[in-house]
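Below is one structure, written out as structure tokens; the observations come after it.
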Amino acid sequence: MTAAELSWYHPSALGPPGCSIGCFEEELPISASELRINEDIRVREVRLIGPDGQNVGVVSTQEALRIAQQAGLDLVEVAPNVEPPVCRVLDYGKFLYEKAKKDREARKAQTRIEIKEIRLRPKTSDHHRSFKLRDARRWLTEGKKVRVRIRFRGREITYPEIAMDDLRGIAAELADVASIEQAPSMEGRTMLMTLAPGKAKVA
């Protein structure tokens, strides 16, 4: 059963018996810990969604359990707060697995990578530059991104190739721990480059 097949829908959108799952319109999120299954469902009758996603209609809970058992699946109460409650026939173990996997992917997608920044000048001394690069290397090995900003003053902006060479040199020095995510580009009176954790690919 796919993740799409495991979506829950609000019972107010249920059509007549025989309506396909496409008749259901409003999605209703359900917490797995709140679901009652099989013999824990103690109401007399339920509105049943069969194993193929079809709306079977209102049946006795015993009949719904029989249908689930014949299919080798579980009867799961997905909308308990309506009359009658809505139950669905499905593989509960597989549902929990798919839900946990989906939750993990959602949390992973929400993870934000911190971006640090080092600021330089076209004429930054080698000593000061080495300190900045040491910080950048440490942040990259910690899994953070690093934005390198070179700020121009006065007529320095007429020689952008100096800053471009500096940024290329920095990328080369950090190539063992970083790859270029955003190539050097001008932004106002600064030139920016963003490095991401991960060894640069050899062309």
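Does Lys94 meet the test of being at pLDDT 90 or above, exposed (fewer than 15 other Cβ atoms within 10 Å of the Cβ) and under 30 Å from Asn38 (Cβ atoms)? Lay out the reasoning, then the answer.
Values: at pLDDT 90 or above: yes; exposed (fewer than 15 other Cβ atoms within 10 Å of the Cβ): yes; under 30 Å from Asn38 (Cβ atoms): yes.
Spelling it out, Lys94 is indeed at pLDDT 90 or above, exposed (fewer than 15 other Cβ atoms within 10 Å of the Cβ) and under 30 Å from Asn38 (Cβ atoms).
Taking Thr141 and the conditions (1) more than 17 Å from Glu181 (Cα to Cα); (2) modelled with pLDDT of 90 or more; (3) out of contact with any strand residue (DSSP E or B) (no Cβ under 7 Å at 6 or more places or on another chain); (4) outside the structural domain of Leu65 (by TED's automatic domain parsing), which numbered condition does it fall short on, given that it satisfies the others?
Going through (1) more than 17 Å from Glu181 (Cα to Cα); (2) modelled with pLDDT of 90 or more; (3) out of contact with any strand residue (DSSP E or B) (no Cβ under 7 Å at 6 or more places or on another chain); (4) outside the structural domain of Leu65 (by TED's automatic domain parsing) one by one, Thr141 breaks only (1).
Go through Ile113, Ile118, Ile49, Ile67 for me and flag whichever is loosely packed, with under 11 Cβ neighbours inside 10 Å and touching a residue at least 12 places away in the same chain (Cβ under 8 Å).
Details: Ile118 fails: loosely packed, with under 11 Cβ neighbours inside 10 Å; Ile49 fails: loosely packed, with under 11 Cβ neighbours inside 10 Å; Ile67 fails: loosely packed, with under 11 Cβ neighbours inside 10 Å.
Step by step, each of Ile113, Ile118, Ile49, Ile67 is checked, and only Ile113 is loosely packed, with under 11 Cβ neighbours inside 10 Å and touching a residue at least 12 places away in the same chain (Cβ under 8 Å).
Pull out all pairs, ordered by first then second residue, where Cβ-Cβ is under 7 Å, the residues are six or more apart or on different chains, the first lies in the range 162-188 and is modelled with pLDDT of 90 or more, and the second is polar (S, T, N, Q) and not in a helix (DSSP H, G or I).
Listed by first residue and then by second, the contacts come to Glu181/Thr194; Gln182/Thr194.
Among the residues of the range 149-193, write down those that are of a type in the set (S, T, N, Q) and either more than 18 Å from Trp139 (Cβ to Cβ) or not assigned by TED's automatic domain parsing to the domain that holds Trp139 (or both). Walk me through it before giving the result.
At the first step, the residues of the range 149-193 found to be of a type in the set (S, T, N, Q) are 158, 179, 182, 185, 190.
Once the filter is applied, which keeps residues that are of a type in the set (S, T, N, Q) and either more than 18 Å from Trp139 (Cβ to Cβ) or not assigned by TED's automatic domain parsing to the domain that holds Trp139 (or both), the range 149-193 yields Thr158, Ser185, Thr190.
The values are calculated or read from the model by the stated rules, or taken from the named source; none is laboratory data. Owing to the predicted nature of the structure, the values given are computational and were not obtained by experimental measurement. Every residue, glycine as well, gets a Cβ built from its backbone with ideal geometry; the counts of neighbours run over all protein chains shown.
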